[in-house]
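Everything below concerns the one structure shown next.
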Amino acid sequence: MTFPPGPALARDQRAAAHDGGPPLHAGASRHSLTMTASPDFFIGHIPVFGRAILAPMDGFSDWPFRSLCRELGSALSYTEFVNAREVPANGKYVRDKLRFTEDERPIVFQLYGDDPDEIVRAALQVQALQPDAIDINMGCPAKSIANRGAGVGLMRTPLKVARIFRRLSRMLQIPVTGKIRLGWEDCRTYRLIARVVEENGGQALAVHARTREQGYSGRADWDAIAEIRQLLSIPLIGNGDVQTPEDIARMRNYTGCDAVMIGRAAIGNPWIFAGLRREAVSLEQLESLVREHLRRNLAFYGPELGLVLFRKHAVQYIRPFMPDRAVRTRLLRAETPQAFWQQFERLLAARKGR
Ligand SMILES: Cc1cc2nc3c(=O)[nH]c(=O)nc-3n(C[C@H](O)[C@H](O)[C@H](O)COP(=O)(O)O)c2cc1C
């Protein structure tokens, strides 16, 4: 997929982070580092530079946001999950979710499903689009998915997980990886499933350290990540309760995981991948990043849908300002990119005038 390359926004952002703040995250300067530095770890034969990774998030980790995070230092690009059942039809839903640009590599396509045949067929089909790896979602807690045995539903069926990974690891030419939770409250199978994934050819495992019932709240159990680390020799990616650049280091030290995956804390705050705390982000950095994110959204989805889908990001970008309701509403009701931008600039000007 080709898109007009943006201005050197991400480079500016990284430089700004570097000038004033902590050293660049390894992944942030991968273009120069790949020549000289050695990879931080490998997924199969795929070298990975960097240890912080944007989590796959349906509705958020699309190309515009993913590619920005990648440029700021996220070490891998995971697509949003894609229903294996929808792949054969190859409709717009699937095509949009799996579009990527070369500079995102390594790019991991994530699939979900409950039927090994469907998953294998879908994986073979999407492999033709040349991702670097295919990931199987075993963490989604949504009723419509988990109750049919897909997502975290798979964590109740270890034999099926074994079949899926054995077949994929034999049939695909690229690595297959998995993303799990801790299981269900009455069936915490994370140790078993982690072993099953590795023993059947999985090349990396990401663990969101919460149970299905916890959803997205309650404390993530980093001890469980540390426990899995002891069981596996493939790369382990820890996930849950990471809010700041310091948390990334803390999780790595505590659990011994190879990399840390960040979901919600990156929304409205992609600078976390450049090692920058949100409070340290200048208004100029915010302005240029929002401008570039909106530009990519409009280029990717077209002007109407691009703006509508940008609103949920905009809310998060302005959250630290706590603007009053009227300002927020005007911004989110803007019907054209120009009107949005006018409101956004007004908000920034008010902020700068403080
Ligand atoms: C809006 C949203 C969508 C998500 N979609 C996916 C998905 O498509 N695939 C997946 O494996 N996990 C998905 N997740 C889970 C995240 O990848 C991650 O495991 C979870 O948010 C915990 O990490 P965090 O505490 O850093 O947010 C989603 C989470 C959120 C909040």
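Spatially, region 302-354 and region 187-243 are offset by 37 Å when compared through their Cα centroids. Proximity of backbone amide H atoms, modeled 1.01 Å from N, is registered between Trp184 and Thr189, Arg212 at under 5 Å, excluding neighbours fewer than 5 places apart on the same chain.
Applying a DSSP loop filter and a limit of 11 other Cβ atoms within 10 Å to the GluC sites (Glu not before Pro) in region 251-345 leaves Glu335. Counting neighbouring beta carbons within 10 Å and listing from fewest to most, the residues Met171, Met322 come out as Met322, Met171. For region 93-213, the residue among Pro175, Tyr190, Ile136 whose Cα projects farthest onto the positive side of the dipole built from Cβ charges is Tyr190. Only beta bridges with both residues in the chain are counted; by DSSP, about 10 percent of them are antiparallel. Hey, what did region 9-278 get for relative contact order, percent, Cα under 8 Å, at least 6 apart? Relative contact order comes out at 18 percent. Note on region 195-354: dipole from Cβ charges, positive end direction compared against Gly275, Ile228, Met322; the farthest Cα belongs to Met322. By a straight-distance test (C-alpha under 30 Å), which lysines pair with Lys160 as possible cross-link partners, with residues fewer than eight away in the same chain excluded? In chain and number order, the partners are Lys92, Lys97, Lys143, Lys179. Put a dot 7 Å past the Cα of Glu284, heading toward its Cβ, do the same for Glu304, and the two dots end up 3.9 nm apart.
Per residue of the chain, the DSSP helices (runs of n ≥ 4 H) give a summed -39500 (n - 2.57) that works out to -13500 deg cm²/dmol at 222 nm. The chymotrypsin sites (Phe, Trp or Tyr not before Pro) of region 186-271 that meet both conditions, a loop assignment by DSSP and at most 15 other Cβ atoms within 10 Å of the site Cβ, are Tyr216. Above 35 Å, the calculated P(r) of region 9-278 contains 10 percent of its Cα-Cα pairs.
The numbers here are math on the coordinates, done by the rules we state, and not lab data. Treat the numbers as computed from the prediction; the structure is a model and nothing was measured. Cβ sites come from the backbone with ideal geometry, for glycine too, and all protein chains shown count toward neighbours.
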